[in-house]
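**Student:** Handing you this structure, nothing more for now.
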Amino acid sequence: MFRKILKKSVLFSILLLSFSFWNQSGFASLDAEEETFKFYNSSRLKEILERGELRVAGNQADEPFYVQNAKEGFPGFDYELGKLYADFLGVKFKFISYPEFSEYAEAIKKKDADIALSGISSNLERSKKVRFSSAYLISTPAALIRKTALPPPPEGSIITTQSFRSILDLQDLSGVTFAVRSFSNRHEYLLKNFKNNRIFTYGDTPSAWEAVKNGTANCLVADSFYIKGILLKDKSVASNFRPLLEQVQREDISAAFPLADPVFVRNFDFFISELSRSGALRDLEDKYFNRSDWVP
C-alpha cells in the first residue's frame, strides 16, 4: 500500500528540505541553490543512492523488532521499516546484526552501517554519538512482575491485583527485585524511583528476562513494546506474571543516524510522516505488537 502512495522522487524531497534552510536564512536564490547541493553532497544519503544499498544495523535478538527464524512475511517491525525506507530510496536493503547500541553507533561512524533501527530509545547521552530521527513509536518503562510478588486480593474479592497497572504502583511494595538492561533509560528510571530496591543489571534485555524466569529477580523492567512481544510470543507467561504497561514516562523509539547530517535525517522524517499519514505505520505496529501472527 505504501509503495503506491509514495511515488515522489527522493531528490525532490531533498531539495524541498534544503529549501527550508534557505527560507529561514534569507539567502538569495543562487546562494540557496549552492547551499542545497552543499548539504546534499556532504550527506550520507548521497553515498547510499550512489552505492545503491542501505545498510541497517540492529540486534536480531530484539523481538519483535527483528524475528529470528521468521515465518515468511514476518521478519520483524524494524526489519520491515528499514526495507520500506530502502524501497522509498530505490535502493537495496541490507541488515547487519550487532548486539548493542555502542556498536550501532561505531558502525555508523565507520560507515559499516548507514542507520540503526532496533527499538532504540533516544536520550541525551546517546545523542553525543548519533543523531536521532523523530520518534516512530512512543514507549514507556514497563514491568513484568511475578504474581506471587504481589499482595493477595482482599478476602472474598474476585478482582486480583487490579490496582497494579504501572511500574510506579510497585513503589510501596516490599520485596520487589528488578532485572533490567544496564545503562538503559529503564535502568536510570529505576535508580531514580526505586532507590531502596535491589536492581540486577544485564548486558541485554533477554538476559534480564532469563534472570527473572530463573528466580534471580521477580520483576523484569523493559520498554512496553518488548514486554508486549514476550506476552505475544508465549501466552503462558500471563498465567504467572502480570504486565504493568501504563505510561509513566515518555520514551521515543527513533532511528540512529550519522552526526551532522540534517538532510539524511529530514529525509527519513519525511518518510515516517508519510507512513503515519497513510496509516501504514499503525498497521505495522498492530502486526507486531497487537497480534501474534509473527510468532514462529
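**Student:** What Kirkwood hydrodynamic radius do you get for the range 141-249 when you take the inverse of the mean 1/r over all pairs of distinct Cα atoms, in Å?
**Tutor:** Every distinct Cα pair counted, the radius reaches 13.9 Å.
**Student:** When only C-alpha pairs under 8 Å and at least 6 residues apart count, what is the relative contact order of the range 141-249, in percent?
**Tutor:** Contact order relative to length: 44 percent.
**Student:** While we're here: Step through the residues of the range 57-62 one at a time and calculate ³J(HN,Hα) from phi using the Karplus curve (6.51 cos²θ - 1.76 cosθ + 1.60, θ = phi - 60°), rounding each to whole Hz and writing x for Gly and Pro.
**Tutor:** 8, x, 10, 5, 8, 7
**Student:** Whose amide H sits under 5 Å from the amide H of Leu54, counting only residues 5 or more places off or on another chain, with H placed in the peptide plane?
**Tutor:** The list, which skips near neighbours in sequence, is Lys92, Phe93, Lys94.
**Student:** Also, quick follow-up: Which whole-Hz ³J(HN,Hα) couplings does the range 218-228 yield from phi under the Karplus relation 6.51 cos²θ - 1.76 cosθ + 1.60, θ = phi - 60°, glycine and proline marked x?
**Tutor:** 10, 8, 8, 10, 8, 6, 4, 5, 5, 5, 4
**Student:** Another question about this same structure. Sort Phe65, Phe93 so that the residue with the fewest other Cβ atoms within 10 Å of its own Cβ comes first and the one with the most comes last.
**Tutor:** Ordered by Cβ neighbours within 10 Å, fewest first: Phe93, Phe65.
**Student:** Also, quick follow-up: Pull up the cross-link candidates among the lysines for Lys83, meaning alpha carbon to alpha carbon under 20 Å and not fewer than 8 places away within one chain.
**Tutor:** Lys4, Lys7, Lys8, Lys46, Lys71, Lys92, Lys94, Lys111, Lys287
**Student:** May I ask you to evaluate 6.51 cos²θ - 1.76 cosθ + 1.60, the Karplus curve with θ = phi - 60°, for each residue of the range 75-86 and list the ³J(HN,Hα) values in order in whole Hz, giving x for glycine and proline?
**Tutor:** x, x, 4, 6, 4, 5, 4, x, 5, 4, 5, 4
Each value in this text was obtained by applying a stated rule to the coordinates, not by laboratory testing. These figures come from a predicted structure and were not determined experimentally. So basically every Cβ, Gly included, is an ideal-geometry build from the backbone, and we count neighbours across all protein chains shown.
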